[in-house]
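Peer 1: Questions regarding the structure given below will be posed in turn.
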Amino acid sequence: MTDPETGDLMVRDGALVVGDTTAQTAEAVLRAMRGEFKEFPLLGAETLKMLGGNEDPMWRSDAKNMLQACGVPASRIEIENGRITIE
């Protein structure tokens, strides 16, 4: 797991911390640009592109499919007031 504040690997008692990484995986997929993961070049929801105000009408469906492909259970994605909610 990584520290949410610093992005460094978490170490406890001299060993790496292992735990649930669902939220971390979801964040990585949503923030990634396509091509960022070299082994999966089509993976990346490109949320930074939406900062300009141009939301792709298929973004929710594409992002949901990408999250599900990475093992994150997602049945619905909502965007409200600049906040993304995964259900």
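Peer 1: Take the Cα of residue 46, step 7 Å along the line toward its Cβ, and report every residue of the stretch 55-86 whose backbone nitrogen sits under 15 Å from that point.
Peer 2: What the label zone holds, given the 15 Å backbone N cut-off, is 55-64, 66.
Peer 1: Taking the Cα centre of the chain as origin, sum charge times position over the Cβ atoms of Lys and Arg (+1) and Asp and Glu (-1), and report the length of that vector in debye to the nearest 20. Working shown, then result.
Peer 2: Working: 9 positive and 15 negative charges, 51 e Å.
Computed charge dipole of the chain: roughly 240 debye.
Peer 1: What angle, in degrees between 0 and 90 and rounded to the nearest 10, separates the Cα long axis of helix 59-69 from the longest principal axis of the Cα atoms of the chain?
Peer 2: Approximately 30 degrees, to the nearest 10.
Peer 1: I've got another one for you. With label points built 7 Å along Cα→Cβ from the Cα atoms of residue 25 and residue 10, find their separation and express it in nm.
Peer 2: 1.6
Each value in this text was obtained by applying a stated rule to the coordinates, not by laboratory testing. All figures in this text were calculated on a predicted structure; none of them were measured in a lab. Methodologically, a virtual Cβ is constructed for each residue, glycine included, from the backbone with ideal geometry; neighbour enumeration extends over all protein chains shown.
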